[in-house]
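Chemist: Structure incoming, see below.
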Amino acid sequence: MQTGRPLEFDPELALEAAMTVFWQQGFEATSLADLLQAMGLSKSSFYNEFGSKQQLFEACLERFRGRQVGRMREGLSSAASPLDFVRGMLLTNAAEARQDGPRRGCLIMNTATEFAGRDPAVAGLVSSAARDFASMFRVAVEMAQEQGEIRRDADPEMLAGYLLTTMAGLRTMVKAGLPANEIEQIVEVALKALQ
(Lines give C-alpha, C1' and ligand atoms only; values in the text may rest on other atoms or scores of the structure.)
Protein backbone atom coordinates (compact mmCIF):
# COMPACT_ATOMS: atom_id res chain seq x y z
CA MET A 1 0.00 0.00 0.00
CA GLN A 2 1.36 3.38 -1.01
CA THR A 3 1.52 6.09 1.61
CA GLY A 4 0.71 9.72 0.96
CA ARG A 5 3.34 12.27 0.17
CA PRO A 6 5.26 13.22 3.33
CA LEU A 7 4.68 16.64 4.88
CA GLU A 8 7.24 19.22 3.82
CA PHE A 9 6.63 21.39 6.88
CA ASP A 10 6.40 20.99 10.62
CA PRO A 11 2.72 21.28 11.65
CA GLU A 12 3.72 22.29 15.19
CA LEU A 13 5.86 25.18 13.97
CA ALA A 14 3.13 26.22 11.53
CA LEU A 15 0.54 26.19 14.33
CA GLU A 16 2.86 28.25 16.55
CA ALA A 17 3.31 30.82 13.76
CA ALA A 18 -0.46 31.02 13.24
CA MET A 19 -1.06 31.49 16.96
CA THR A 20 1.36 34.43 17.00
CA VAL A 21 -0.47 36.11 14.11
CA PHE A 22 -3.91 35.61 15.68
CA TRP A 23 -2.56 36.83 19.03
CA GLN A 24 -1.20 40.03 17.50
CA GLN A 25 -4.06 40.81 15.09
CA GLY A 26 -7.15 38.95 16.27
CA PHE A 27 -9.28 36.59 14.20
CA GLU A 28 -11.14 39.04 11.98
CA ALA A 29 -8.12 41.17 11.07
CA THR A 30 -6.05 38.12 10.13
CA SER A 31 -6.33 37.19 6.46
CA LEU A 32 -5.57 33.86 4.88
CA ALA A 33 -2.64 35.55 3.13
CA ASP A 34 -1.27 36.64 6.55
CA LEU A 35 -1.47 33.08 7.78
CA LEU A 36 0.06 31.51 4.68
CA GLN A 37 2.99 33.91 4.82
CA ALA A 38 3.64 33.42 8.54
CA MET A 39 3.24 29.65 8.34
CA GLY A 40 5.20 29.27 5.10
CA LEU A 41 2.43 27.19 3.52
CA SER A 42 0.64 26.95 0.21
CA LYS A 43 -3.16 27.09 0.21
CA SER A 44 -3.42 23.38 -0.51
CA SER A 45 -1.08 22.47 2.37
CA PHE A 46 -3.00 24.81 4.67
CA TYR A 47 -6.41 23.33 3.85
CA ASN A 48 -5.12 19.73 3.89
CA GLU A 49 -3.54 20.10 7.33
CA PHE A 50 -5.74 22.63 9.15
CA GLY A 51 -9.09 22.59 7.33
CA SER A 52 -10.10 26.23 7.58
CA LYS A 53 -9.14 29.50 9.20
CA GLN A 54 -11.78 28.87 11.89
CA GLN A 55 -10.50 25.37 12.64
CA LEU A 56 -6.94 26.66 12.80
CA PHE A 57 -8.00 29.44 15.17
CA GLU A 58 -9.73 26.95 17.46
CA ALA A 59 -6.58 24.80 17.47
CA CYS A 60 -4.55 27.89 18.40
CA LEU A 61 -6.89 28.67 21.30
CA GLU A 62 -6.51 25.11 22.59
CA ARG A 63 -2.73 25.32 22.26
CA PHE A 64 -2.64 28.64 24.13
CA ARG A 65 -4.92 27.33 26.91
CA GLY A 66 -2.81 24.24 27.41
CA ARG A 67 0.40 26.23 27.48
CA GLN A 68 -0.93 28.80 29.95
CA VAL A 69 -2.33 26.21 32.33
CA GLY A 70 1.00 24.37 32.18
CA ARG A 71 2.87 27.57 32.99
CA MET A 72 0.52 28.34 35.86
CA ARG A 73 0.92 24.83 37.29
CA GLU A 74 4.70 25.06 37.00
CA GLY A 75 4.72 28.57 38.47
CA LEU A 76 2.67 27.52 41.46
CA SER A 77 4.89 24.53 42.20
CA SER A 78 8.09 26.61 42.00
CA ALA A 79 6.89 29.79 43.75
CA ALA A 80 8.22 30.69 47.19
CA SER A 81 4.61 30.72 48.42
CA PRO A 82 1.10 30.54 46.94
CA LEU A 83 0.62 34.28 47.41
CA ASP A 84 3.91 34.93 45.63
CA PHE A 85 2.56 32.87 42.73
CA VAL A 86 -0.58 35.03 42.59
CA ARG A 87 1.49 38.20 42.78
CA GLY A 88 3.77 36.94 40.01
CA MET A 89 0.83 36.06 37.76
CA LEU A 90 -0.66 39.52 38.15
CA LEU A 91 2.71 41.24 37.73
CA THR A 92 3.33 39.55 34.36
CA ASN A 93 1.11 42.32 33.04
CA ALA A 94 3.54 44.98 34.24
CA ALA A 95 6.38 43.07 32.60
CA GLU A 96 4.55 43.13 29.26
CA ALA A 97 3.87 46.85 29.68
CA ARG A 98 7.64 47.44 29.92
CA GLN A 99 8.45 45.58 26.70
CA ASP A 100 9.07 47.30 23.40
CA GLY A 101 6.72 46.56 20.54
CA PRO A 102 3.01 45.83 20.43
CA ARG A 103 1.27 44.71 23.59
CA ARG A 104 -0.58 41.47 22.91
CA GLY A 105 -2.42 40.85 26.16
CA CYS A 106 -3.92 37.35 26.47
CA LEU A 107 -5.15 35.46 23.41
CA ILE A 108 -8.08 34.00 25.37
CA MET A 109 -9.18 37.36 26.82
CA ASN A 110 -8.67 39.09 23.47
CA THR A 111 -10.86 36.46 21.85
CA ALA A 112 -13.56 36.87 24.50
CA THR A 113 -13.68 40.58 23.70
CA GLU A 114 -13.53 40.15 19.92
CA PHE A 115 -16.17 37.42 19.64
CA ALA A 116 -18.39 38.49 22.57
CA GLY A 117 -19.95 35.02 22.60
CA ARG A 118 -21.28 35.19 19.02
CA ASP A 119 -19.66 31.92 17.96
CA PRO A 120 -20.66 28.93 20.13
CA ALA A 121 -17.53 26.88 19.41
CA VAL A 122 -15.18 29.76 20.20
CA ALA A 123 -17.26 30.78 23.23
CA GLY A 124 -16.95 27.23 24.54
CA LEU A 125 -13.18 27.26 24.14
CA VAL A 126 -12.89 30.65 25.86
CA SER A 127 -15.15 29.50 28.70
CA SER A 128 -13.17 26.28 29.14
CA ALA A 129 -9.89 28.21 29.27
CA ALA A 130 -11.30 30.69 31.79
CA ARG A 131 -12.46 27.81 34.01
CA ASP A 132 -9.00 26.25 33.82
CA PHE A 133 -7.30 29.54 34.75
CA ALA A 134 -9.75 30.10 37.63
CA SER A 135 -9.16 26.54 38.82
CA MET A 136 -5.42 27.20 39.08
CA PHE A 137 -6.11 30.39 41.04
CA ARG A 138 -8.43 28.44 43.33
CA VAL A 139 -5.72 25.90 44.08
CA ALA A 140 -3.33 28.76 44.90
CA VAL A 141 -5.93 30.45 47.14
CA GLU A 142 -6.63 27.22 49.04
CA MET A 143 -2.91 26.64 49.55
CA ALA A 144 -2.46 30.24 50.69
CA GLN A 145 -5.34 29.83 53.16
CA GLU A 146 -3.71 26.69 54.59
CA GLN A 147 -0.47 28.64 55.04
CA GLY A 148 -2.19 31.67 56.59
CA GLU A 149 -1.42 34.06 53.72
CA ILE A 150 -5.09 34.58 52.85
CA ARG A 151 -7.90 34.73 55.37
CA ARG A 152 -9.49 31.33 55.93
CA ASP A 153 -13.10 32.55 56.05
CA ALA A 154 -13.05 33.69 52.39
CA ASP A 155 -14.67 31.57 49.67
CA PRO A 156 -11.85 30.19 47.46
CA GLU A 157 -14.17 30.00 44.46
CA MET A 158 -15.07 33.67 44.76
CA LEU A 159 -11.46 34.72 45.27
CA ALA A 160 -10.41 32.68 42.23
CA GLY A 161 -13.07 34.47 40.17
CA TYR A 162 -11.87 37.79 41.56
CA LEU A 163 -8.27 37.01 40.57
CA LEU A 164 -9.28 35.87 37.08
CA THR A 165 -11.33 39.04 36.60
CA THR A 166 -8.44 41.16 37.88
CA MET A 167 -6.06 39.40 35.51
CA ALA A 168 -8.43 39.91 32.57
CA GLY A 169 -8.83 43.59 33.41
CA LEU A 170 -5.10 44.09 33.73
CA ARG A 171 -4.51 42.35 30.38
CA THR A 172 -7.00 44.71 28.77
CA MET A 173 -5.41 47.76 30.36
CA VAL A 174 -1.95 46.63 29.21
CA LYS A 175 -3.25 46.59 25.64
CA ALA A 176 -4.79 50.02 26.23
CA GLY A 177 -1.37 51.42 27.19
CA LEU A 178 -1.55 51.65 30.99
CA PRO A 179 1.99 52.28 32.35
CA ALA A 180 3.71 49.45 34.20
CA ASN A 181 3.98 51.39 37.47
CA GLU A 182 0.21 51.88 37.57
CA ILE A 183 -0.33 48.19 36.91
CA GLU A 184 1.98 47.38 39.82
CA GLN A 185 -0.02 49.66 42.11
CA ILE A 186 -3.27 47.98 41.06
CA VAL A 187 -1.74 44.56 41.74
CA GLU A 188 -0.85 45.61 45.30
CA VAL A 189 -4.40 46.87 45.89
CA ALA A 190 -5.79 43.58 44.53
CA LEU A 191 -3.53 41.55 46.83
CA LYS A 192 -4.56 43.56 49.90
CA ALA A 193 -8.16 42.56 49.21
CA LEU A 194 -7.14 38.92 49.74
CA GLN A 195 -5.63 39.41 53.19
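Chemist: Within region 47-54, identify whether any single residue is surrounded by 12 or more Cβ atoms within 10 Å (Cβ to Cβ), modelled with pLDDT of 95 or more and either under 15 Å from the mean Cα position of the chain (by Cα) or under 22 Å from Arg103 (Cα atoms) (or both), and answer yes or no.
Modeler: Among the residues of region 47-54, not one is surrounded by 12 or more Cβ atoms within 10 Å (Cβ to Cβ), modelled with pLDDT of 95 or more and either under 15 Å from the mean Cα position of the chain (by Cα) or under 22 Å from Arg103 (Cα atoms) (or both), which makes the answer no.
Chemist: Now for a separate question. Output the qualifying pairs, or none if there are none: Cβ atoms under 6 angstrom, residues six or more apart or on different chains, first residue in region 1-23 and surrounded by 15 or more Cβ atoms within 10 Å (Cβ to Cβ), second residue among the polar types (S, T, N, Q) and at pLDDT 85 or above.
Modeler: Val21/Thr30; Phe22/Thr30
Chemist: Quick check on Arg131: is it in contact with a Cys (Cβ under 9 Å, 6 or more places away or on another chain) and closer than 30 Å to Val21 by Cα?
Modeler: For Arg131, the condition - in contact with a Cys (Cβ under 9 Å, 6 or more places away or on another chain) and closer than 30 Å to Val21 by Cα - is not met.
Chemist: Still on this model: Inside region 85-134, can you point out the residues that are of a type in the set (Asp, Glu) and either open to solvent by 30 Å² or more (accessible area, probe 1.4 Å) or farther than 25 Å from Ala180 by Cβ (or both)?
Modeler: Answer for region 85-134, where residues must be of a type in the set (Asp, Glu) and either open to solvent by 30 Å² or more (accessible area, probe 1.4 Å) or farther than 25 Å from Ala180 by Cβ (or both): Asp100, Glu114, Asp119, Asp132.
Chemist: List the pairs whose first member sits in region 82-105 and is more than 20 Å from Ala144 (Cα to Cα), whose second member is surrounded by fewer than 20 Cβ atoms within 10 Å (Cβ to Cβ) and at pLDDT below 85, and whose Cβ atoms are under 7 Å apart, counting only residues at least 6 apart or on separate chains?
Modeler: Glu96/Arg103; Ala97/Arg103
Chemist: Within region 147-156, is even one residue under 23 Å from Val69 (Cβ atoms), touching a Lys or Arg at 6+ places or on another chain (Cβ under 7 Å) and open to solvent by less than 20 Å² (accessible area, probe 1.4 Å)?
Modeler: Within region 147-156 (the criterion being under 23 Å from Val69 (Cβ atoms), touching a Lys or Arg at 6+ places or on another chain (Cβ under 7 Å) and open to solvent by less than 20 Å² (accessible area, probe 1.4 Å)), the answer is no, since none of the residues qualifies.
Chemist: Thr30: of a type outside the set (Lys, Arg), open to solvent by less than 40 Å² (accessible area, probe 1.4 Å) and within 21 Å of the chain's Cα centre (by Cα), yes or no?
Modeler: Yes, satisfied.
The values are calculated or read from the model by the stated rules, or taken from the named source; none is laboratory data. Note that the structure is a prediction, hence the values are computed from the model and not measured. Counting neighbours? That spans all protein chains shown, and the Cβs are built from the backbone with ideal geometry, glycine included. Only protein heavy atoms, including side chains, enter the accessible area calculation; ligands, DNA and RNA are left aside. Shrake-Rupley method; radii C 1.70, N 1.55, O 1.52, S 1.80 Å.
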